[in-house]
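Peer 1: So that we are looking at the same thing, I have put the structure below in structure tokens.
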Amino acid sequence: MTRFFSIRFRLTASFLAIILAVMAIISFFLYSTLERYYIDNFTNNLERSGFLAANFVTGQLTGQVNSVRLSVLAENMSLQSQARVLFTDRQALVVGDSIRVGGLLNQVLEHEDAAIALKGNVSSSIGYSDRIEQTVMQMAVPVKDENDQVTGVVFLSASLEEVYRTLNDIRRFLFLSTVLAMAVVGGGSVALARRFTGPIEELTVAARRMSEGKLDQHIEVRSGDEIGRLADQFNLMAKRLNYYTTNLKKFAADVAHEVRTPLTTMSLLTKALKEHEMEPEQQREFIDDLDNELERLVALVNDLLELSKLEKNEFELEEVNLNDFISDFIIENQYRFATANLDLAGNLEDQALVVSAAPLKLRQVMSNLLDNALNYTGPGGTVTVSLFREGNEAVVMVEDTGCGIPAEDLSYIFERFFRVDKARAREGGGTGLGLAIVSEIIGKHNGRVWVESEEGSGSRFYFALPLTES
Ligand code: ADP
């Protein structure tokens, strides 16, 4: 049943119906024009022969009529005009007939055309001749004397067989042309439909496989037309979906792994507390450790929530003067850095750099970058926050003189849960999500993040935001 609803079937059927209608109309007009042409031509020729004969026999149909002479004349004319020729007098009596034996000589010609001709007008009709068993054209031409009086009639009867044979040939030709046109168009439209629907069928199969969970689908793009572009978009969609799903699975596994570590530690600590007699001091140590692990879990869950919120929500943006924003931020953090025996310096451009941003989110970016600089730079080090303009962007750089990042890890640094040194990062309370959050927030502001670092001598984290028009 679906075969009949398929585009291929409908396209072919429509093309065939159109070509059939077009050929029927063309055939109808061509055939009627040619039929009219042949019949008119035949009529004109017969009429010309009739007038010629009428001229010839003027004066011979009255008075003493010589039937033998007239019949010989009729016979000669019949040979020339390919028609039977009769002459009648004014009373419609046949006085000459090209058919000698079995003719109508001396009989009254009772024929409507002859009766009309006797009244002075040419008359013709198409009828059937029993004698030759063929369709014939009959024509009666009046014979007039010098006073324009009708003295008799020339009656001609010619077979139309030749004309109808030609017309039949034309009809057969038109029919064959229609069949041929339908075969060509039918074949062409099947090929065309296959060309169009082939990729659609491929798309359907690929989409079905995707719905069955096989996401790594790829369709070969063979053309640059609408269907080619659709296939292109489909491939892109499949690739993205596959990428997201793989990432999601990896992310879920990573989350489980991240949660398991503090949970295992907490479970061990709780068991130890339950099962072993301890000094109050030792007990306090265990409880502190438990508290630390709990804090780590809370931080992880908070960061995860933050990331999922970032993916969902749009920010409310406002104009932020980065110079003021960053210098305030540096002042706020000065004490924290001094406590860790670190120098926090600012190097800000004089020119006011204004961006369109969500201030709270921007605070979080700065906070994550400064926390990292603090965590990964040893006492006595320096952290410098710079602000400058580059083209149409405001660029913020957080530079530290800390441990740096190995070159091979630089390209993964903004990925979720990526840590250079897992144990050390965890010890410092890191969730592995700080830079992923930075990247997500800056991305949402149509900005860019990047990092430059040399292992052992420090890192420079950058983010750039488009400057507002004003
Ligand atoms: P974490 O919570 O572990 O700090 P981040 O996403 O903030 O997670 O950072 C990912 C990893 O990048 C860190 O574990 C650390 O290995 C590395 N890193 C981040 N900032 C710095 C820095 N300023 N200096 C050296 N390494 C850094």
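The values are calculated or read from the model by the stated rules, or taken from the named source; none is laboratory data. Source: prediction; values computed, not measured. Every residue, glycine among them, receives a Cβ derived from its backbone with ideal geometry; neighbour counts consider all protein chains shown. The protein model used for the area step is the full one, side chains on, heavy atoms only, and it has no ligands, DNA or RNA in it. Shrake-Rupley method; radii C 1.70, N 1.55, O 1.52, S 1.80 Å.
Peer 1: Could you work out how much longer the chain between Arg240 and Phe51 gets when fully extended? Use 0.36 nm per residue separation minus the Cα distance between them, nm to one decimal.
Peer 2: Working: separation 189, 0.36 × 189 = 68.04 nm, distance 9.14 nm.
Result for the pair: 58.9 nm of gain on full extension.
Peer 1: I would also like to ask the following. Based on alpha-carbon centroids, what's the gap between the range 141-183 and the range 293-351 in Å, whole number please?
Peer 2: 103
Peer 1: Of His257, His445, His218, which has the most accessible area and how do the rest follow, probe 1.4 Å?
Peer 2: Details: His257 85, His445 10, His218 140 Å².
Descending accessible area places them as His218, His257, His445.
Peer 1: Also: Compute from the Cα atoms of the chain the Rg and the Dmax, the latter being the longest Cα-Cα distance, and quote both in angstrom.
Peer 2: Rg and Dmax of the chain, Cα atoms, are 53.5, 168 Å.
Peer 1: Hey, another quick one. Restricting to DSSP loop positions (anything but H, G, I, E, B) with no more than 15 other Cβ atoms inside 10 Å of their own Cβ, which GluC sites (Glu not before Pro) remain in the range 139-206? Let's see the in-between values first.
Peer 2: Values: sites: Glu146, Glu161, Glu162, Glu201, Glu202; in loops: Glu146.
Taking the range 139-206 and a limit of 15 other Cβ atoms within 10 Å, the loop GluC sites (Glu not before Pro) found are Glu146.
Peer 1: If you don't mind, there's one more thing I want to ask. Using Cα pairs closer than 8 Å and at least 6 residues apart in sequence, work out the relative contact order for the chain, in percent.
Peer 2: On the way: 651 pairs, mean separation 44.0, N = 470.
Relative contact order here is 9 percent.
Peer 1: How large, in percent, is the carbon and sulfur part of the accessible surface of the range 226-311 at a probe radius of 1.4 Å? All intermediate terms of the calculation are to be shown ahead of the outcome.
Peer 2: On the way: 3580 of 6250 Å².
Of all accessible area on the range 226-311, carbon and sulfur atoms account for 57 percent.
Peer 1: Any idea how far the Cα center of the range 90-138 sits from the one of the range 395-425, in Å?
Peer 2: About 118 Å separates the Cα centre of the range 90-138 from the one of the range 395-425.
Peer 1: Right, next: Lysine pairs in the chain 8 or more apart or on different chains: how many have alpha carbons under 19 angstrom apart?
Peer 2: Summing the qualifying lysine pairs gives 14.
Peer 1: Can you compute the helix-only [θ] at 222 nm over the chain? Use -39500 (n - 2.57) per DSSP H run of at least 4 residues, normalise by all residues, nearest 500 deg cm²/dmol. Walk me through the numbers before you get to the answer.
Peer 2: Working: 11 runs with 263 residues, N = 470.
Rounded to the nearest 500, the figure is -19500 deg cm²/dmol.
Peer 1: May I ask you to give the solvent-accessible area per residue for the range 2-166, in square angstrom, as obtained with a 1.4 angstrom probe?
Peer 2: On the way: 9820 Å² over 165 residues.
Spelled out: the 1.4 Å probe surface of the range 2-166, per residue, equals 60 Å².
Peer 1: Hey, what does the equivalent ellipsoid look like for the range 304-382, semi-axes from the Cα gyration tensor as sqrt of 5 times each eigenvalue, largest first, whole Å?
Peer 2: Details: eigenvalues 128, 72, 13 Å².
So the three semi-axes of the range 304-382 are 25, 19, 8 Å.
Peer 1: Bin width 10 Å, alpha-carbon pairs only: give the P(r) of the range 226-311 as whole percents, running from 0 to the bin holding the largest distance.
Peer 2: Once binned at 10 Å, the Cα pair distances of the range 226-311 give 15, 28, 21, 16, 10, 6, 4, 1.
Peer 1: To continue, here is another question. Amide H to amide H under 5 Å from Val136: which residues, 5+ apart in sequence or cross-chain, H placed 1.01 Å off N in plane?
Peer 2: Gly127, Tyr128, Ser129, Leu160
Peer 1: What angle do you read, to the nearest 10 degrees and between 0 and 90, between the alpha-carbon axis of helix 226-275 and the longest principal axis of the chain?
Peer 2: It is inclined by approximately 20 degrees.
Peer 1: Hey, another quick one. Would you calculate the volume per residue, in Å³, of the smallest convex hull containing every Cα atom of the range 20-96? Mind showing how you got there, number by number?
Peer 2: Working: hull volume 7.8 nm³, N = 77.
Spread over its residues, the Cα hull of the range 20-96 gives 101 Å³ apiece.
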